[in-house]
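Structure record follows, encoded as structure tokens.
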Amino acid sequence: MQNVLITGVAGFIGFHLAWRLLDEGHRVFGVDNLNDYYEVSLKEARLSLLRDTDRFSFLNSNIADREAMAGVFAGSFDVVVHLAAQAGVRYSIDHPHAYAESNLAGFLNILEGCRYGGVPHLVFASSSSVYGGNSFMPFSVHHNVDHPVSLYAATKKANELMAHTYASLYALPCTGLRFFTVYGPWGRPDMAYYLFTRKILDGQPIDVYNHGNMRRDFTYIDDITEGVRRVMSRIPEPDPHWDKDNPDPGTSFAPYRIYNIGNNRPVMLSDFIETLESALGKKAKKKMLPMQPGDVPETCADVDDLIRDTGFRPATGLKTGIKRFVEWYRGYYKI
């Protein structure tokens, strides 16, 4: 039985991971500040399910609270999974300071806690958004990602750099995970598929950016959880073949690794909407709009490293994943 710290435990991915770990018999200590970025009632509903076991402990706190995080790391953890962050590409345009507080200052507190707490392995959430201006597909962890197009992406890139520094200076094993458009039951209401579902059922028009000509590597939540679970058990080691004259961004001379977790099968936004319409049994009213600042036209994950090192490839098909989400949505909101 492992003792696991999960930050952002009331969030979409954090909740599913905690649920999985508790089902396996592990102990989970969760941290979340239950902010109102989206409906708090959904976060509380997730927590209520996790509280069914005495192997779950919870602290309502902001990771940017340095003193509170020092108290958290007074405990002993076998692995830390850091998922807490201010999310959202578009939100970062109007609320930049929220990202500096949570994604930078907050992440520094987690790194310091792991350093002084002697944590054997830190797994942290990055994002496919770090690929920014890159256009070569599929996106690979071995590509340079120095051209973000949103502040959110810049903070996630900064997290990768900060983690590498701690891996190098203090031999803290760190693994970063670049998630690709995660969807599924208990999801985030700010995500397009969730907003689309709500508006289609309410008979309201949906905003379709770039006139639907965007491709996304939609990744089902169970695949994300399985990928995280496998990476947790794989503590990174220095790459003996790392070449300082030709540095590989995906590996390091330090105990540090980066992985993509994506479905590796991008879908046109217009096709995605059709799949959702079919699952809902209702057509969408569409409001066609241009590309939004900070958005990218396409994402696609190269998952070769994940497959090689963990033996896992995300494989849940879109129709299956959307069907499960719609069933959950109708049940949760009693529609």
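The values are calculated or read from the model by the stated rules, or taken from the named source; none is laboratory data. Not measured: the values here are computed from a predicted model. We place every Cβ from the backbone using ideal geometry, glycine too, and count neighbours over all the protein chains shown. We work out accessible area using only protein heavy atoms, side chains counted, and drop any ligands, DNA or RNA first. Shrake-Rupley method; radii C 1.70, N 1.55, O 1.52, S 1.80 Å.
Residue farthest toward the positive end of the dipole of segment 189-240, with Cβ of Lys/Arg at +1 and Asp/Glu at -1: which of P240, Y220, I200? Selected residue: I200. About the centre of its Cα atoms, the chain shows a dipole size close to 1060 debye [charges on the beta carbon of Lys, Arg (+1) and Asp, Glu (-1) only; nearest 20 debye]. The Rg/Rh ratio of segment 242-296, with Rg taken over Cα atoms and Rh as the Kirkwood radius over Cα pairs, comes to 1.26. Could you compute how fast segment 9-94 diffuses translationally, taking Rh as the Kirkwood radius over C-alpha pairs and applying Stokes-Einstein at 20 °C with viscosity 1.002 mPa s? Give it in µm² per second. Approximately 156 µm²/s, per Stokes-Einstein. Accessible area of R230, 1.4 Å probe, to the nearest 10 Å²? Here the residue's solvent-accessible area equals roughly 90 Å². Relative contact order of segment 232-298, taken over Cα pairs closer than 8 Å and 6 or more residues apart, is 20 percent. In units of the compact-protein estimate 2.2 N^0.38 Å, segment 116-200 shows a Cα radius of gyration of 1.32.
Taken as Cα centroids, segment 45-122 and segment 25-43 sit 10 Å apart, rounded to the nearest whole angstrom.
Shape call for segment 85-131 from the C-alpha gyration tensor, a ≥ b ≥ c root eigenvalues: rounded (a/c under 1.5), prolate (a/b greater than b/c) or oblate? Since a/c reaches 1.5 but b/c is at least a/b, the shape of segment 85-131 is classed as oblate.
The overall shape of segment 287-335 is oblate: from the C-alpha gyration tensor, with semi-axes ordered a ≥ b ≥ c, the ratio a/c is 1.5 or greater and a/b is no larger than b/c.
Distance between the modelled labels on K319 and L169, one decimal in nanometres: 5.3 nm (7 Å Cα→Cβ projection).
Structure note, pairs K43/K287; K286/K323; K156/K287; K156/K286: Cα-Cα distances above 25 angstrom occur for K43/K287; K156/K287; K156/K286. Between L161, L276, L83, the Gaussian network model of the chain with springs among Cα atoms under 10 angstrom shows the greatest mean-square fluctuation at L161.
Remark: segment 154-288 projects, on average over all directions, an area of 10.3 nm² (convex hull of Cα atoms).
Placing +1 on each Lys and Arg Cβ and -1 on each Asp and Glu Cβ, with no other charges, gives segment 1-114 a dipole about its Cα centre of roughly 160 debye.
Considering only the other residues whose Cβ falls under 15 Å of the Cβ of F136, what net charge follows from Lys and Arg at +1 and Asp and Glu at -1? So the surrounding residues net to -4.
Listed by chain and number, the lysines placed with their C-alpha closer than 22 angstrom to that of K244 are K157; residues fewer than eight positions away on the same chain are left out. Can you tell me how segment 3-43 classifies by the Cα gyration tensor, rounded, prolate or oblate, using a/c under 1.5 as the rounded cut? Because a/c hits 1.5 or more and a/b exceeds b/c, segment 3-43 counts as prolate. Look at the dipole of the chain built from charges on Cβ: of N159, N33, A64, the Cα furthest out on the positive end belongs to N33.
Eigen-decomposition of the gyration tensor built on the alpha-carbon atoms of the chain gives equivalent ellipsoid semi-axes of 31, 24, 18 angstrom, largest listed first. The calculated pair-distance distribution of segment 60-208 uses every alpha carbon pair, bins of 5 angstrom beginning at 0, and gives 2, 9, 16, 18, 18, 15, 11, 6, 3, 2, 0, 0 percent.
By accessible area, using a 1.4 Å probe on protein heavy atoms only, segment 208-335 has 50% of its surface on carbon and sulfur.
Contact order for the chain, expressed relative to its length and based on alpha carbon pairs under 8 Å spaced 6+ residues apart, stands at 18 percent.
Toward the positive end of the charge dipole of the chain, with +1 on the Cβ of Lys and Arg and -1 on the Cβ of Asp and Glu, the farthest Cα among L280, G250, S168 is that of L280.
Taking every C-alpha pair closer than 8 Å and separated by at least 6 residues, the mean separation divided by the residue count of segment 112-222 gives a relative contact order of 29 percent.
Fully extending the segment from R234 to R66, taken as 0.36 nm per residue of separation minus the present Cα-Cα distance, adds 57.6 nm.
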